[in-house]
């Protein structure tokens, strides 16, 4: 997995139609999330990602901060 | 995960929000500093002559000017008193260095409360790394 910064997030979304995934619990997502992101909590990622994400598009995962 | 191109935005949503980028949710204030800041506040640099800046600011119908460097990092502010002075000095000599700043993601209600408590009539809005976003007037929040 590649670590990226804010500018690269914006570029991937704008140029490569990246999928934004917040991996925190649903309650955290409800309180605040990046516009356009979907919520797949970390413990559910392996199970839900193949169903809910498109393989040919880049994926960007994030949480609160440097955790 | 089985996907080829997976990226980790390490700094996370706190970083995103603190730069005034679009975020939403039950705890995100309805109006943010980013939404109301005047992005067209006049700017100047340290080695300009005050007189030259005064003319430009007056022509733009402003009474404040933010001093920035080439990277748009805020260094100071020229307030009404400085802009009304007839001293033949540089911007660096006339400015108030290191003005108080807020981040774009602060809610306007919290910001107004802070302005009242600190008896401030305006605030400079910057990103976490100090780059100018805009200028907010307390009168417009009251």
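The values are calculated or read from the model by the stated rules, or taken from the named source; none is laboratory data. These figures come from a predicted structure and were not determined experimentally. Reconstructed Cβ throughout: ideal geometry from the backbone, glycine too, with neighbour counts over all protein chains shown.
Would you point out the residue of the stretch B:1-35, among those that are more than 7 Å from chain A (Cβ to nearest Cβ) and free of Cβ contacts under 8 Å to residues at least 40 places away in the same chain, that is farthest from residue A:52 (Cα to Cα)? Checking each candidate, the answer is B:21. When residue A:36 is tested against (1) modelled with pLDDT of 95 or more; (2) outside any loop (DSSP other than H, G, I, E, B); (3) farther than 11 Å from residue B:9 by Cα, only condition (2) is not met.
Please verify whether residue B:38 is away from chain A (no Cβ under 14 Å), surrounded by fewer than 17 Cβ atoms within 10 Å (Cβ to Cβ) and in contact (Cβ under 8 Å) with a residue 24 or more places away in the chain, treating the condition exactly as stated. Spelling it out, residue B:38 is indeed away from chain A (no Cβ under 14 Å), surrounded by fewer than 17 Cβ atoms within 10 Å (Cβ to Cβ) and in contact (Cβ under 8 Å) with a residue 24 or more places away in the chain. Could you go through the stretch B:119-138 and let me know if any residue there is more than 18 Å from the chain's Cα centre (by Cα) and outside any loop (DSSP other than H, G, I, E, B). No, the stretch B:119-138 contains no residue that is more than 18 Å from the chain's Cα centre (by Cα) and outside any loop (DSSP other than H, G, I, E, B). Pairing residues of the stretch B:95-113 that are closer than 15 Å to residue B:137 by Cα with residues that are assigned to a loop (DSSP other than H, G, I, E, B), at Cβ distances under 6 Å and at least 6 apart in sequence or on separate chains, gives B:104/B:20; B:107/B:29; B:108/B:31; B:108/B:141; B:112/B:141. Consider the stretch A:45-66 and keep the residues that are touching a residue at least 40 places away in the same chain (Cβ under 8 Å) and part of a loop (DSSP other than H, G, I, E, B). The one that is farthest from the other protein chains (Cβ to nearest Cβ) is A:57. Looking only at residues that are touching a helix residue (DSSP H, G or I) at 6+ places or on another chain (Cβ under 9 Å) and closer than 11 Å to residue A:58 by Cα in the stretch A:3-18, which one is nearest to the other protein chains (Cβ to nearest Cβ)? If we take residues in the stretch A:3-18 being touching a helix residue (DSSP H, G or I) at 6+ places or on another chain (Cβ under 9 Å) and closer than 11 Å to residue A:58 by Cα, then A:9 is nearest to the other protein chains (Cβ to nearest Cβ). Just to be sure, is residue B:50 within 13 Å of another protein chain (Cβ to nearest Cβ), more than 25 Å from residue A:19 (Cβ to Cβ) and surrounded by 15 or more Cβ atoms within 10 Å (Cβ to Cβ)? So residue B:50 fails the test.
Filter the stretch A:45-66 down to residues that are farther than 21 Å from residue B:24 by Cα and more than 13 Å from the chain's Cα centre (by Cα) and give me whichever is surrounded by the fewest Cβ atoms within 10 Å (Cβ to Cβ).
A:51
Residues in the stretch A:20-44 that are facing chain B (nearest Cβ under 7 Å) and surrounded by fewer than 17 Cβ atoms within 10 Å (Cβ to Cβ): A:30, A:31, A:35.
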